[in-house]
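Reading through the structure tokens given below for one structure.
The values are calculated or read from the model by the stated rules, or taken from the named source; none is laboratory data. This one's a predicted model, so the numbers in the text were calculated from it and none came from an experiment. Positions of Cβ are backbone-derived with ideal geometry, glycine not excepted, and every protein chain shown enters the neighbour counts. The protein model used for the area step is the full one, side chains on, heavy atoms only, and it has no ligands, DNA or RNA in it. Shrake-Rupley method; radii C 1.70, N 1.55, O 1.52, S 1.80 Å.
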Amino acid sequence: MFAQPGALPERPGRTVRSRSHHFRGSLGRFATGVAIVTFDGATKRHGITVNSFTSVSLDPPLVLVSIARHTRAHDELAGRPFSVNILGAEQEALARHFAGQPGVEPVWVESPLAPRLARVLAYFECKPWAAYDGGDHTLYLGEVVDFGYRSGDALAFANGRFTTIPESQLGVEDLL
């Protein structure tokens, strides 16, 4: 049974949390892949871990990433080429590194357009297409100039934690 729209669940012994916390929890039930947006800023190289990434168009090839306005590198991304790096299941430490928990040092692949990360499951090198106000986020669209992928399980995020999507469930593009 579903709760009434906007209703907060009642749990004995727990205080009722804010509507925004409940909204975020509801969104978290949607499993997503994990990606890192990489680009060269004005003074240094940046990487931002995201789970808001989607394809937009095949012709022209466009993708979209949603970047929180409070992210330190947010303002530097505007108008810059960027790469979207889709992570393999074994790359959780890399996701955490670019989410503010420094750890494993990334291995970079230099590109004429935008830097990307080595050994990712898939990548999309993009030139800026458009940016849109998305409330507390900015929606950055990029035109894909180069891309590629490899075999392997995907790193995913659901219910506030990392998980794996087995490769056996990937690769249905030939069926569509």
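Every listed requirement among (1) within 17 Å of the chain's Cα centre (by Cα); (2) modelled with pLDDT under 95; (3) on the phi > 0 side of the Ramachandran plot is met by GLY134 save one, (3). Pairing residues of region 102-125 that are more than 17 Å from ALA89 (Cβ to Cβ) and touching a residue at least 60 places away in the same chain (Cβ under 8 Å) with residues that are among the basic types (Lys, Arg) and open to solvent by 40 Å² or more (accessible area, probe 1.4 Å), at Cβ distances under 8 Å and at least 6 apart in sequence or on separate chains, gives TRP108/ARG45; TRP108/ARG116; ALA114/ARG80; PRO115/ARG45.
Would you mind finding the one in GLU110, GLU143 that is within 19 Å of SER66 (Cα to Cα) and modelled with pLDDT of 90 or more?
Selected residue: GLU143, the only one of GLU110, GLU143 that is within 19 Å of SER66 (Cα to Cα) and modelled with pLDDT of 90 or more.
For GLY142, the test of being assigned to a strand (DSSP E or B), out of contact with any helix residue (DSSP H, G or I) (no Cβ under 7 Å at 6 or more places or on another chain) and surrounded by fewer than 15 Cβ atoms within 10 Å (Cβ to Cβ) is failed.
Of the residues making up region 76-101, those that are among the polar types (S, T, N, Q) and either closer than 12 Å to TYR140 by Cα or open to solvent by 60 Å² or more (accessible area, probe 1.4 Å) (or both) are SER83, GLN101.
Among all residue pairs at least 6 apart or on different chains, which show Cβ distances below 6 Å where the first residue, located in region 49-75, is assigned to a loop (DSSP other than H, G, I, E, B) and surrounded by 12 or more Cβ atoms within 10 Å (Cβ to Cβ) and the second is at pLDDT 90 or above and of a type in the set (A, V, I, L, M, F, W, C)? Pairs that qualify, where the first residue is assigned to a loop (DSSP other than H, G, I, E, B) and surrounded by 12 or more Cβ atoms within 10 Å (Cβ to Cβ) and the partner is at pLDDT 90 or above and of a type in the set (A, V, I, L, M, F, W, C), are ASN51/VAL34; THR71/ILE48; ALA73/ILE48. For region 91-141, a residue qualifies if it is among the small types (Gly, Ala, Ser) and closer than 22 Å to ALA156 by Cβ, and the qualifying residues are ALA93, ALA95, ALA99, GLY100, GLY103, ALA118, ALA122. Can you pull out every residue in region 103-127 that is open to solvent by 60 Å² or more (accessible area, probe 1.4 Å) and assigned to a strand (DSSP E or B)? Hits for region 103-127 are TRP108, LYS127. Of the residues making up region 25-45, those that are open to solvent by 20 Å² or more (accessible area, probe 1.4 Å) and modelled with pLDDT of 90 or more are ASP40, LYS44, ARG45.
Sort out which residues of region 148-166 are in a strand (DSSP E or B), in contact (Cβ under 8 Å) with a residue 60 or more places away in the chain and open to solvent by 60 Å² or more (accessible area, probe 1.4 Å), and write them in order of number. Once the filter is applied, which keeps residues that are in a strand (DSSP E or B), in contact (Cβ under 8 Å) with a residue 60 or more places away in the chain and open to solvent by 60 Å² or more (accessible area, probe 1.4 Å), region 148-166 yields TYR149, PHE157, THR163, THR164.
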